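The values are calculated or read from the model by the stated rules, or taken from the named source; none is laboratory data. Keep in mind that what you see is a predicted model, and the values were worked out from it rather than measured. Reconstructed Cβ throughout: ideal geometry from the backbone, glycine too, with neighbour counts over all protein chains shown.
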Amino acid sequence: MVVVRLVFQTKYGKAQEVVDEFKKMMPIMRRVLGKDLRTRIYTDLSGPFHTVVQEIEVESLAEWEKTRAKMFSAPEFQESQSMGEMPFEGGRTEYYTLEASY
C-alpha cells in the first residue's frame, strides 16, 4: 500500500477555501475513481502556516499513475481547475509505503 500526500502551501488566509474546494471535489473524485477511494484532508497545527494536505491511499505507484491520469482527464475536474486564480503559494507530492495500519 502506498500513501500519496499532496502538500499545498496556500496563500495567507486561503487554507479553509482550499479545504472547502477539496470537499466539493469528493463526489466527483468518487464518481471518477470509485467509491472505494481512501482519502483524507488535513490542515496544519504546527509547521508552516496555511498548509493543506490531501492524503490518498493506493495499492501501488502504478495505481497512483492510473488514478492521477484518470482524474486529470475527467471533464468535471478540468472544469474545476479553470476557475480563476489558484490560492496556492507552492506545494509538493510525497510518497510513503504504508507498513502497518491498526
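With the requirement that a residue be surrounded by fewer than 12 Cβ atoms within 10 Å (Cβ to Cβ) and either within 13 Å of the chain's Cα centre (by Cα) or modelled with pLDDT of 90 or more (or both), what does region 82-100 give you?
Selection gives Gly90, Arg92, Thr93, Glu94, Tyr95, Thr97, Leu98, Glu99, Ala100.
Can you pull out the residues in region 1-36 that are outside any helix (DSSP H, G or I), among the β-branched types (Val, Ile, Thr) and farther than 16 Å from Gly90 by Cβ?
Val2, Val3, Val4
Only one of Ser73, Ser101, Ser80 is of a type in the set (S, T, N, Q) and under 15 Å from Val3 (Cα atoms). Can you tell me which?
On inspection, the qualifying residue turns out to be Ser101.
Tell me which residues, restricted to region 58-102, are part of a helix (DSSP H, G or I) and of a type in the set (Lys, Arg).
Those that are part of a helix (DSSP H, G or I) and of a type in the set (Lys, Arg): Lys66, Arg68, Lys70.
Take the residues in region 37-87 that are charged (D, E, K, R) and touching a helix residue (DSSP H, G or I) at 6+ places or on another chain (Cβ under 9 Å); name whichever of them is farthest from Ala15 (Cα to Cα).
It comes out as Lys70.
Can you tell which of Ser60, Ser73 is of a type in the set (Ser, Thr, Tyr) and touching a residue at least 40 places away in the same chain (Cβ under 8 Å)?
The unique qualifying residue is Ser60.
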